[in-house]
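For reference, the structure discussed in these notes is given below.
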Amino acid sequence: MFQFFNKKKFLVDYLDGFIDIHNHILPGIDDGAKNVDDSIALIKAFSELGVNHFIATPHIMSNYYPNTKDTINSSLTALKNALLQNDLKDIALVASAEHMIDDNFEYLLENAGVMPMKKDYLLVEMSYLQPPINFDEAIVKTASKRFFPVLAHPERYGFLHHRKKRYQEYKNNGILFQMNLLSLSEYYGKEVPKVALELLDNGLIDFVASDVHNMNQLEALKKLTLSKKMVEQLLPLINNTIQTFY
C-alpha cells in the first residue's frame, strides 16, 4: 500500500492541452527535423499525448544556422501544407525562433530580424561553455525593444553550475527562465537534473517546454517519471506556459 501511494507518475500524463513553446519541428533548417516526414512523425507523436499547439523555434545562429524570417516562414509553410495533406487539421502551429546571443544578435534586434513568441517574448540562448561577452548588453537592448527575454534551458549551461548566484542575478535583471522537461531526467547528463531541481526549489523557473529535436528525445520524454513533489512544482509551470502563450 505504501508503494502504491508513492508510485511515480509519468510526465506525459500531465501534458494534455499543453502548448510547446520551444521545439525544433520545422523541417530542414537546423539540427531538428531533417525533412517534412520527420516533422509529421513528431507532431503525430505529440498529438497522441494531447499536445496539438506548437510554437516552432528553430535556431538563429550566425555561424551554424543563419536562419532568417524568410527561411523560417518558408519551412513553416511547407509543414503547414503537409499537415493539411495528412489531415492533421487540429494542429495549431506558428513560428518563432531560438536566438543565439552572438555577434549578430544585436544587429538582428536593431533591424527587426528577430522572431518573438506571442506577446513579445523573445527566446534566447547562449553557449553552454561560457557566456557571450555581450550578454548583459544584449539583454538590456532586448528589453529596450520592449521584448521580454526568455532564456532557454538555463539548467544546461555548465559554466553556471559553479556560479549559481548568477541565476538570481539574471532574474533580477528581468530574464525569464524556460526549463527543458527532459532536464528532469539524466538525458543531458547527471548534473543537469540536479540544477533543474534546485531552480525549481528556488522558484526561478517561469515556463517549461520540450526542446525536442528528434524522435529519440520524444521517446525519452515519454519515459520520464516524476515524484509527487516534482508534479506539484511542474503543474503551475505547465499552466503558466499555457496561459501565457495560448
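The values are calculated or read from the model by the stated rules, or taken from the named source; none is laboratory data. Worth saying up front: this structure is predicted, and the values here are computed from it rather than measured. Every residue, glycine among them, receives a Cβ derived from its backbone with ideal geometry; neighbour counts consider all protein chains shown.
What tally of residues in region 189-237 results from selecting those that are over 29 Å from VAL36 (Cβ atoms) and either touching a Phe, Trp or Tyr at 6+ places or on another chain (Cβ under 8 Å) or not β-branched (Val, Ile, Thr) (or both)? Even if it seems obvious, please write down each step before you answer.
Applying the first criterion (over 29 Å from VAL36 (Cβ atoms)) to region 189-237 yields 189-206, 225-237.
In the following step, the residues that additionally are either touching a Phe, Trp or Tyr at 6+ places or on another chain (Cβ under 8 Å) or not β-branched (Val, Ile, Thr) (or both) were identified as 189-191, 193-194, 196-206, 225-237.
Number satisfying all stated conditions: 29.
Residue by residue through region 39-66, note down the ones that are assigned to a helix (DSSP H, G or I), surrounded by 18 or more Cβ atoms within 10 Å (Cβ to Cβ) and touching a residue at least 60 places away in the same chain (Cβ under 8 Å). Show your work before the answer.
To start, the set of residues in region 39-66 that are assigned to a helix (DSSP H, G or I) comprises 39-48.
Imposing the further condition that a residue be surrounded by 18 or more Cβ atoms within 10 Å (Cβ to Cβ) reduces the set to 39-40, 42-43, 46.
Across region 39-66, the qualifying residues are LEU42, PHE46.
Here is a yes/no grid of residues against (1) touching a residue at least 40 places away in the same chain (Cβ under 8 Å); (2) over 23 Å from ASP20 (Cα atoms); (3) surrounded by fewer than 18 Cβ atoms within 10 Å (Cβ to Cβ); (4) touching a Lys or Arg at 6+ places or on another chain (Cβ under 9 Å):
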| residue | (1), (2), (3), (4) |
| --- | --- |
| LYS119 | yes, no, yes, no |
| VAL140 | no, yes, yes, no |
| HIS153 | yes, no, no, no |
| HIS161 | no, yes, yes, yes |
| SER183 | no, no, no, yes |
Worksheet item: Of all the residues that make up region 8-38, how many are of a type in the set (Val, Ile, Thr), assigned to a loop (DSSP other than H, G, I, E, B) and closer than 15 Å to ALA209 by Cα?
Response: 2
Fill in: Pairs where the first residue, in region 67-82, is modelled with pLDDT under 95 and the second is part of a helix (DSSP H, G or I), C-beta under 8 Å, 6+ apart
none
Fill in: Subset of region 82-112 [more than 23 Å from PHE18 (Cα to Cα) and either surrounded by fewer than 16 Cβ atoms within 10 Å (Cβ to Cβ) or of a type in the set (Val, Ile, Thr) (or both)]
GLN85, ILE101, ASP103, GLU106, TYR107, GLU110, ASN111, ALA112
Response to the item:
Restricted to region 203-246 and to residues being free of Cβ contacts under 8 Å to residues at least 12 places away in the same chain and among the polar types (S, T, N, Q), the residue surrounded by the most Cβ atoms within 10 Å (Cβ to Cβ) is ASN239
